[in-house]
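All remarks here apply to the structure that follows.
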Amino acid sequence: MTTTTIDIFNLLQEGVASAVKGLYDSDFPAEKVTISPTRKEFEGDYTVVVFPFSKAARKKPEAIGEDLGSYLKENLAEVTDFNVIKGFLNLVISDEYWKNFLQTASVNATYGKHPSNGKKVMVEYSSPNTNKPLHLGHIRNILLGWSSAQLFEAAGYEVIKTQIINDRGIAICKSMLAWQKFGKGATPESEGIKSDHFVGKFYVLFNRKLSAEYEAWQASEEGKTVYEAKSKGEQDEAAFFKAYKNTYFNEYSQLGKESREMLLAWEANDPEVRALWKKMNTWVYDGFEETYKRLGVHFDKNYYESDTYILGKETVEKGLSDGVFYQKEDGSTWVDLTDSKLDHKIVLRADGTSVYLTQDLGTAQLRYQDFGVDSMIYVVGDEQNYHFQVLFEVLKRVGEPYADALHHLSYGMVDLPTGKMKSREGTVVDADDLIEEVVMEARKNVEERGELTELSTTERDEIIRKIGLAALKFFIIKVQPKKRMVFNPAESVDMQGQTGPYVQNAFVRIQSVLRKAGKTNGEYTAYNKLETLEKDLLGKLYAYPGLVKNAAENLDPSEIANYCYDLAKTFHKFYHDHSILKAESEAAKHFRLTLSQLTAQVLENGMSLLGVAMPERM
């Protein structure tokens, strides 16, 4: 057997183009020949769509299929048979080709990983606020960001992983003020609470105190006077005060006043406020780092809003002189994006202070200066779709060289079976609690099956942790990012469902077979008749490198998750239907062992792109 494999897609595309030229004297670009894996209900490995050749051939599609099939079978050693279904030509690829592919791929330790393409991409994800711990929504963001970064790396890019931490602003001051007024000097250590949860507790407390303050104000003479003057009898009290809460916070609330004063003091570099800010943010960072470590993710560089919020002003000033922006009578600066079907957007307030858009302009420029990336990926929920359309358009108009290579990986929100989550009300599911719950579900499953009892407590706990994290990560990543989703912890650990543990089980099953087999590199040249499921597995394994590249280009890690599930499902069926260690011949045995070994390698590599580790036992 040879140790090199010709790319079957290119081979078939070029073969079809040659056939069209030889049979119909027509030039047809090889790269435009449409080829896809044959559907399971038909015989064959790859299918050629023949409709595009009707004009040149002046024949019915079925006749064209017969012509092309005969030509390819006669001229390509890799094509051994064919059949035609309407306008589709199904081609059967030789067993020899598949055996050559298996031998080549099985000795390639980096199979599926593409060589460097010389390009650099930055992926921004997580980007939390420092007034609360990471929650379920952050988990989807983090997992999508991490897996996208891993995909780009596997596709040949140099990847920089970043986050911008929103560490300033009124929400941060709410937590600080609540601790200052009600904390009585408590610390995470004195309370025995994880440090980011500790800070988040004061954010929730602030909002509870604000709600109580607001309720009392509504019953006060001032509240009643405002209601009568503003509502003019058009709204009942409940509807009016529900809509009026933000105005109350900004104009009447004592807590609102103190929060704004604290923010102004922070901006004026008041030493006491800055010291409190630094202390509480440090608590949060320590907590974040612990959660990131549990999830197995990290960042190459952190950016902080407290450093970047004033960036972008110079860009606005230059853009104003260049005619990109315009000023209103009140002195505020705007950009007119109506010719791009967007809107007029403010980029600088009348008092000269930045808005989020200004900051994001400057941060993008700073990142480009820092790393000279070819493209940037922003992993942010779909409620920010419009913001990123505006940001990208403005960066184009100010002439940034990377502006055409900016992408928003927009994703839908995550709900629980019990419904939506609200940070202010303390009904958010914290990331740490969710991780713990999924690991607990994994533990319950293992104990119910009575497995891993022969292992030490440490070994058993480590395997259960891997199963739990696989359940969490896979269940979230398998959903196409743009779709809103419901996360169900109990469903995520189902060993028979479309889950991470199901995929892990295929890997573990293979490891068990390989341990029993011992040496697996025997000769299988004499194995001449591949089974259908063996060819199914080979076809899926062959597709893996191309899928990695496509998933990276599509910013869609769910393609890899669903591929791994499909590969595991195919292997489980193969394992059920065909003996490996007791195969009908030594050649068949060694072929199936090698096939199993490559399947395990691809499952492990594919799941690692999702941040999932494979256990040896489960």
(message) Residues to consider are GLU267, GLU305; find the one that is surrounded by fewer than 19 Cβ atoms within 10 Å (Cβ to Cβ) and among the acidic types (Asp, Glu).
(response) GLU267
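Condition check ((1) in a helix (DSSP H, G or I); (2) under 41 Å from the mean Cα position of the chain (by Cα)) across all residues:
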{"position": "LYS209", "(1), (2)": "yes, yes"}
{"position": "ALA216", "(1), (2)": "yes, no"}
{"position": "TYR227", "(1), (2)": "yes, no"}
{"position": "GLN235", "(1), (2)": "no, no"}
{"position": "PHE240", "(1), (2)": "yes, yes"}
{"position": "PHE249", "(1), (2)": "yes, yes"}
{"position": "LEU255", "(1), (2)": "yes, yes"}
{"position": "SER259", "(1), (2)": "yes, yes"}
{"position": "LEU264", "(1), (2)": "yes, yes"}
(message) Tally up the residues in the range 81-102 that are surrounded by 19 or more Cβ atoms within 10 Å (Cβ to Cβ) and within 30 Å of GLN601 (Cβ to Cβ), please.
(response) 9
(request) Could you please find all residues in the range 286-301 being open to solvent by 60 Å² or more (accessible area, probe 1.4 Å) and in contact (Cβ under 8 Å) with a residue 60 or more places away in the chain? (result) ASP286, GLU290, ARG294, HIS298, ASP300, LYS301
(request) Output the residue which, of all residues in the range 569-618 that are open to solvent by 10 Å² or more (accessible area, probe 1.4 Å) and among the small types (Gly, Ala, Ser), is farthest from the chain's Cα centre (by Cα). (result) SER585
(message) Any residue that is at pLDDT 95 or above, surrounded by 13 or more Cβ atoms within 10 Å (Cβ to Cβ) and among the basic types (Lys, Arg) - is there at least one of those in the range 321-343?
(response) no
(message) Being of a type in the set (Gly, Ala, Ser), open to solvent by 30 Å² or more (accessible area, probe 1.4 Å) and in a loop (DSSP other than H, G, I, E, B) is the filter here; which residues of the range 27-80 pass it?
(response) ALA77
(message) Quick check on the range 120-142: of everything there that is more than 15 Å from MET280 (Cα to Cα), at pLDDT 95 or above and polar (S, T, N, Q), which residue is nearest to the chain's Cα centre (by Cα)?
(response) ASN141
(request) Would you tally the residues in the range 460-472 being in contact with a helix residue (DSSP H, G or I) (Cβ under 9 Å, 6 or more places away or on another chain) and open to solvent by 10 Å² or more (accessible area, probe 1.4 Å)? (result) 6
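Could you list, in sequence order, the residues of the range 402-429 that are in a loop (DSSP other than H, G, I, E, B) and either modelled with pLDDT of 95 or more or open to solvent by less than 20 Å² (accessible area, probe 1.4 Å) (or both)? Before you say what the answer is, go through the steps one by one.
We begin by selecting, within the range 402-429, every residue in a loop (DSSP other than H, G, I, E, B); these are 402, 412-413, 417-418, 420-429.
Result: TYR402, GLY412.
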(message) For the list (1) exposed (fewer than 13 other Cβ atoms within 10 Å of the Cβ); (2) at pLDDT below 95; (3) of a type in the set (D, E, K, R); (4) more than 30 Å from ARG208 (Cα to Cα), I need the number of the one condition that LYS483 fails.
(response) (2)
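Being on the phi > 0 side of the Ramachandran plot and either more than 23 Å from the chain's Cα centre (by Cα) or crowded, with 19+ Cβ neighbours inside 10 Å (or both) is true for just one of GLY518, GLY539, GLY522. Which residue is that? Let's see the steps before the verdict.
Details: GLY539 fails: on the phi > 0 side of the Ramachandran plot; GLY522 fails: on the phi > 0 side of the Ramachandran plot.
Going through GLY518, GLY539, GLY522 in turn, just one is on the phi > 0 side of the Ramachandran plot and either more than 23 Å from the chain's Cα centre (by Cα) or crowded, with 19+ Cβ neighbours inside 10 Å (or both): GLY518.
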(request) Tell me, please, whether a residue that is more than 13 Å from ALA568 (Cα to Cα) and either of a type in the set (S, T, N, Q) or open to solvent by 20 Å² or more (accessible area, probe 1.4 Å) (or both) can be found in the range 493-503. (result) yes
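Just wondering, is there one or more residues in the range 276-283 that are part of a helix (DSSP H, G or I), hydrophobic (A, V, I, L, M, F, W, C), open to solvent by less than 60 Å² (accessible area, probe 1.4 Å) and touching a Ser or Thr at 6+ places or on another chain (Cβ under 8 Å)? It would help to see each step written out before you state the result.
The first filter runs over the range 276-283 and keeps only residues part of a helix (DSSP H, G or I), leaving 276-283.
Retained after the next criterion (residues that are hydrophobic (A, V, I, L, M, F, W, C)): 276-277, 280, 283.
With the extra rule that they be open to solvent by less than 60 Å² (accessible area, probe 1.4 Å), the set shrinks to 276-277, 280, 283.
From what's left, touching a Ser or Thr at 6+ places or on another chain (Cβ under 8 Å): 280, 283.
Within the range 276-283 (the criterion being part of a helix (DSSP H, G or I), hydrophobic (A, V, I, L, M, F, W, C), open to solvent by less than 60 Å² (accessible area, probe 1.4 Å) and touching a Ser or Thr at 6+ places or on another chain (Cβ under 8 Å)), the answer is yes, since at least one residue qualifies.
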(message) If the requirement is being closer than 30 Å to LEU177 by Cα and touching a residue at least 40 places away in the same chain (Cβ under 8 Å), which of these qualifies: VAL316, VAL335, VAL324, VAL273?
(response) VAL273
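Within the range 360-371, how many residues are over 14 Å from LYS301 (Cα atoms) and open to solvent by 10 Å² or more (accessible area, probe 1.4 Å)?
The total comes to 2.
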(request) Might you check whether a residue that is open to solvent by less than 50 Å² (accessible area, probe 1.4 Å), at pLDDT 95 or above, in contact with a Gly (Cβ under 9 Å, 6 or more places away or on another chain) and polar (S, T, N, Q) occurs anywhere in the range 104-119? (result) no
(request) Mind counting the residues in the range 438-459 that are in a helix (DSSP H, G or I), open to solvent by 60 Å² or more (accessible area, probe 1.4 Å) and either touching a residue at least 12 places away in the same chain (Cβ under 8 Å) or of a type outside the set (Val, Ile, Thr) (or both)? (result) 7
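Working carefully through the options LYS119, LYS59, LYS86, LYS99, find the one that is in contact (Cβ under 8 Å) with a residue 24 or more places away in the chain, over 30 Å from LEU609 (Cα atoms) and either touching a strand residue (DSSP E or B) at 6+ places or on another chain (Cβ under 6 Å) or not β-branched (Val, Ile, Thr) (or both).
Numbers: LYS119 fails: over 30 Å from LEU609 (Cα atoms); LYS59 fails: in contact (Cβ under 8 Å) with a residue 24 or more places away in the chain; LYS99 fails: over 30 Å from LEU609 (Cα atoms).
The conditions single out LYS86.
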(request) Report, by residue number, each residue of the range 142-188 that is open to solvent by less than 20 Å² (accessible area, probe 1.4 Å), in a loop (DSSP other than H, G, I, E, B), touching a residue at least 24 places away in the same chain (Cβ under 8 Å) and on the phi < 0 side of the Ramachandran plot. (result) ALA155, ASP167
(message) Restricting to the range 365-379, give me the number of residues that are in contact with a helix residue (DSSP H, G or I) (Cβ under 6 Å, 6 or more places away or on another chain) and either without any contact (Cβ under 8 Å) to a residue 24 or more places away in the chain or of a type in the set (A, V, I, L, M, F, W, C) (or both).
(response) 1
(message) Pairs please, first residue from the range 224-245 and without any contact (Cβ under 8 Å) to a residue 12 or more places away in the chain and hydroxyl-bearing (Ser, Thr, Tyr), second anywhere and open to solvent by less than 80 Å² (accessible area, probe 1.4 Å) and assigned to a helix (DSSP H, G or I), Cβ atoms under 8 Å, 6+ apart in sequence or on different chains.
(response) SER231/PHE240
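The values are calculated or read from the model by the stated rules, or taken from the named source; none is laboratory data. From a predicted model like this one, the values you see are computed outputs, not experimental measurements. Neighbour counts are summed over all protein chains in view; Cβ atoms, including those assigned to glycine, are modelled from backbone coordinates with ideal geometry. The protein model used for the area step is the full one, side chains on, heavy atoms only, and it has no ligands, DNA or RNA in it. Shrake-Rupley method; radii C 1.70, N 1.55, O 1.52, S 1.80 Å.
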